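Below: the structure, in structure tokens.
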Amino acid sequence: MPELADVEIIRQRLEKALGGATITAAQSNDRRILRPQTPLSFTRALVGRTVEEVGRSGKWLRLELDDGTRLFSHLGMTGWWVEHERDDPKQKAERARIDFARDDGRESSVRYVDSRRFGRLIAAKDEIPEWIALGPDPLVDGIDVKKLAVALARSRRAVKDAVMDQSILAGIGNILAIEALWHARIDPRSSSDALSRADVGTLARGLKTALRRELKARAGATRPDEWQDVFSVYGRAGAPCPRDGSPIARIVIGGRTTTFCRTCQIRRS
DNA sequence: CTCTATGTTTAATT
DNA sequence: GAATTAAACATAGA
């Protein structure tokens, strides 16, 4: 589920659930998700701490604790944080749990569920390299068209590949990139450095439009799969383009499935 | 059985 | 070196 909008929704929920709460227990036995930590160091870093802030940059979540410890969470492909009662049984594909108490004494917990286990959970005192390497976040920092143009001009990769580069813009995933390029009427295979300044402006607007739609669609979702009819071209290979009716094409760019309209999305070069 | 999947990292190749 | 491309990771669902 993790596109930028999903991670932001989860951030908001975690903030509400955990902000100001004290961690009473923290457990995970999944060394793949915890790497390079051990289950014991994970527990020791968190128990007794109070959550001061839940932040996000791109697809990374960052919980800031009262002793300066930070818990970084990446959801990978199938990760999801779910609120539960403290005594609720272990969920299917539950990989970690954090139990907490509030001032009023009420206790509950959040569970990290991740079937494919591509996600990460890292408790550290310092920022991690993955977080530091992130470019500006479209929601936190906005999109600076000038800076984006400079970054895109530096590469001859396909523009879709470039906008998904987390150091250029943090949080743009396959779906957002596909949808934004459709909105902008730009062929995803276009060379990144072939876009005009106007193209970059249009692309930035396309990203905002796609992001806005995604946020709206996800706001009410409670499960990882509540999202279908909100996309214009993603997952719609062979279906008519909503703009001109041509069949949506399906190709592979950078190893990722890409759908686009061959007639209204124009190739720059 | 085969194919696909919202993401990222690493190995191999050009 | 840089830049691309393919493979790998692990699991579920169609």
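Numerical summary
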item: In the range A:37-81, the residues that are hydrophobic (A, V, I, L, M, F, W, C), surrounded by 15 or more Cβ atoms within 10 Å (Cβ to Cβ) and more than 30 Å from residue A:163 (Cα to Cα); result: A:42, A:45, A:46, A:47, A:51, A:65
item: Residue match in the range A:250-259 (condition: modelled with pLDDT of 95 or more and away from DNA strand B (no atom under 16 Å from the Cβ)); result: no
item: Residue list for the range A:40-57, filter: of a type in the set (Gly, Ala, Ser) and over 22 Å from the mean Cα position of the chain (by Cα); result: A:41, A:45, A:48
item: Qualifying residues in the range A:91-101 (those that are within 16 Å of DNA strand B (Cβ to nearest atom) and without any contact (Cβ under 8 Å) to a residue 60 or more places away in the chain) - the one farthest from residue A:61 (Cα to Cα); result: A:92
item: Output for the range A:164-184, where each listed residue is hydrophobic (A, V, I, L, M, F, W, C), away from DNA strand C (no atom under 16 Å from the Cβ), touching a Gly at 6+ places or on another chain (Cβ under 7 Å) and over 13 Å from residue A:5 (Cα atoms); result: A:169, A:180, A:181, A:184
item: Residue check for residue A:232: more than 10 Å from DNA strand B (Cβ to nearest atom), touching a His at 6+ places or on another chain (Cβ under 8 Å), in a loop (DSSP other than H, G, I, E, B) and not assigned by TED's automatic domain parsing to the domain that holds residue A:59; result: yes
item: Among residues of the range A:120-153, those that are in a helix (DSSP H, G or I) and either within 16 Å of DNA strand C (Cβ to nearest atom) or surrounded by 15 or more Cβ atoms within 10 Å (Cβ to Cβ) (or both), counted; result: 10
item: Breaking point among (1) under 21 Å from residue A:113 (Cβ atoms); (2) touching a residue at least 12 places away in the same chain (Cβ under 8 Å); (3) within 16 Å of DNA strand B (Cβ to nearest atom), for residue A:31; result: (2)
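Per-residue answers, yes or no, for (1) at pLDDT below 95; (2) within 11 Å of DNA strand B (Cβ to nearest atom); (3) over 25 Å from residue A:33 (Cα atoms); (4) part of a loop (DSSP other than H, G, I, E, B):
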{"position": "A:103", "(1), (2), (3), (4)": "yes, no, yes, yes"}
{"position": "A:112", "(1), (2), (3), (4)": "no, no, no, no"}
{"position": "A:118", "(1), (2), (3), (4)": "no, yes, no, yes"}
{"position": "A:155", "(1), (2), (3), (4)": "yes, no, yes, yes"}
{"position": "A:166", "(1), (2), (3), (4)": "no, yes, no, yes"}
{"position": "A:171", "(1), (2), (3), (4)": "no, yes, no, yes"}
{"position": "A:200", "(1), (2), (3), (4)": "no, no, yes, no"}
{"position": "A:205", "(1), (2), (3), (4)": "no, no, yes, no"}
{"position": "A:208", "(1), (2), (3), (4)": "no, no, yes, no"}
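The values are calculated or read from the model by the stated rules, or taken from the named source; none is laboratory data. If you're wondering where the values come from, they're calculated on a predicted model, not measured in any experiment. Every residue, glycine as well, gets a Cβ built from its backbone with ideal geometry; the counts of neighbours run over all protein chains shown.
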